[in-house]
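Comments concern the structure below.
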Amino acid sequence: MDIIKLAGGSPANFLDVGGGANADQIRNAFHILVADRNVRAVLINIFGGIMRCDIVANGVVEAAKAVRLKIPVVVRLEGTNVEQGQEILKSSGLKFTVAHGMKDAAEKVVAAAR
């Protein structure tokens, strides 16, 4: 959250789904986030050491479709199967912004929220 502040943003929420998150938990997380009217963009930051990035990306796509997400989503994936995860996001038909590194992610989510 500090890096978002450094990039000029104001975080509305912090949500940790944990290292063993499945699609249902990610979908529930999205429901929580979109219920907060102060949330104008979402930053998903995943280090896929415990969770593979492709599995997380599939869960994010399913969740975004299930809640009919209308706000911008910036996704930073690092770790196991990162290339596959990024490809899943890019080919989903949804408007995810893929970030490379935390600084890039923070700058992109702050810009998207404006």
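Listed by first and then second residue, the pairs with beta-carbon distance under 6 Å, at least 6 apart or on different chains, first residue in region 65-88 and on the phi > 0 side of the Ramachandran plot and among the small types (G, A, S), second part of a helix (DSSP H, G or I) and buried (at least 18 other Cβ atoms within 10 Å of the Cβ), are G79/C53.
Of all residues being of a type in the set (S, T, N, Q) and surrounded by fewer than 18 Cβ atoms within 10 Å (Cβ to Cβ) in region 33-63, which is modelled with the highest pLDDT? Just the residue, please. Talk me through it step by step, then tell me what you get.
Taking region 33-63 first, the residues of a type in the set (S, T, N, Q) are 38, 45, 58.
Narrowing the set further to residues that are surrounded by fewer than 18 Cβ atoms within 10 Å (Cβ to Cβ) leaves 38, 45.
Values: N38: 84, N45: 89.
Filtering region 33-63 for residues that are of a type in the set (S, T, N, Q) and surrounded by fewer than 18 Cβ atoms within 10 Å (Cβ to Cβ), the one modelled with the highest pLDDT comes out as N45.
Restricting region 67-88 to residues that are of a type outside the set (A, V, I, L, M, F, W, C) and part of a helix (DSSP H, G or I) leaves a set whose member that is farthest from A99 (Cα to Cα) is Q84. Taken over region 40-54, the criterion of being under 20 Å from S91 (Cβ atoms) and either touching a helix residue (DSSP H, G or I) at 6+ places or on another chain (Cβ under 6 Å) or assigned to a strand (DSSP E or B) (or both) is satisfied by V42, I44, I46, G48, C53, D54.
Within the set A57, A64, A112, A105, the sole residue that is among the small types (G, A, S), in a helix (DSSP H, G or I) and closer than 15 Å to A12 by Cβ turns out to be A112.
Within region 86-113, restricting attention to residues that are small (G, A, S) and under 12 Å from the mean Cα position of the chain (by Cα), the residue that is surrounded by the fewest Cβ atoms within 10 Å (Cβ to Cβ) is A99.
The values are calculated or read from the model by the stated rules, or taken from the named source; none is laboratory data. Values in this document were obtained by computation on a predicted structure and should not be read as measured data. When we count neighbours, we look across all protein chains shown, and the Cβ atoms used for this are built from the backbone with ideal geometry, even at glycine.
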